[in-house]
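Chemist: Quick one: this structure, given as structure tokens, is what I'll be asking you about.
Bear in mind that the values in this text are calculations on the coordinates, not laboratory data. Since the structure is predicted, the reported quantities are computational estimates derived from the model, not experimental observations. Neighbour counts are summed over all protein chains in view; Cβ atoms, including those assigned to glycine, are modelled from backbone coordinates with ideal geometry.
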Amino acid sequence: MPNNQDDRRGWHLDKTINASHLLITCGAIVTAGIFISQQDKRIALLENFVVQQKATDASQDARSAEAKTEIKADLKDIKEDVKLLVRQSGARR
């Protein structure tokens, strides 16, 4: 009759813990913690960048609208000048 402890044909669990396995597991946990903390820093930096970019975009939009208004006024002045020139050249003929 075979002894149950000597029968290794099926699945079995080893109740010991290897030092190398323990070190690798601890290393993986520490590495994951460092990675997550760096991700938090990166996310915070990106959030600050987005806030700054929104402020920059708003000021650029304001300057663009102002420039557009100036261009429209200049075009209106040019149009009036062209009309005046056309009237003057028609009166000379």
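Chemist: For helix 19-92, report the angle its Cα long axis makes with the longest principal axis of the Cα atoms of the chain; keep it between 0 and 90° and round to the nearest 10°.
Modeler: Result, in degrees: 10.
Chemist: What are the lysines whose alpha-carbon lies under 30 Å from the alpha-carbon of residue 72, with same-chain residues fewer than 8 places away excluded?
Modeler: Here the lysines satisfying the reach criterion relative to residue 72 are 54, 83.
Chemist: Work out the length of the dipole vector of the chain about its Cα centre, built from +1 on the beta-carbon of each Lys and Arg and -1 on the beta-carbon of each Asp and Glu, and round it to the nearest 20 debye.
Modeler: Here the size comes out at about 760 debye.
Chemist: Return the distance in nm (one decimal) between the two label points of a simple spin-label model at residue 16 and residue 92, each offset 7 Å from Cα along Cα→Cβ.
Modeler: Label-label distance for residue 16 and residue 92, simple model: 11.1 nm.
Chemist: Give the label of the value calculated from the structure for Kirkwood radius over Cα pairs in Å, choosing from [x] 13.0; [y] 22.2; [z] 14.6.
Modeler: So the calculated entry is the one marked [y].
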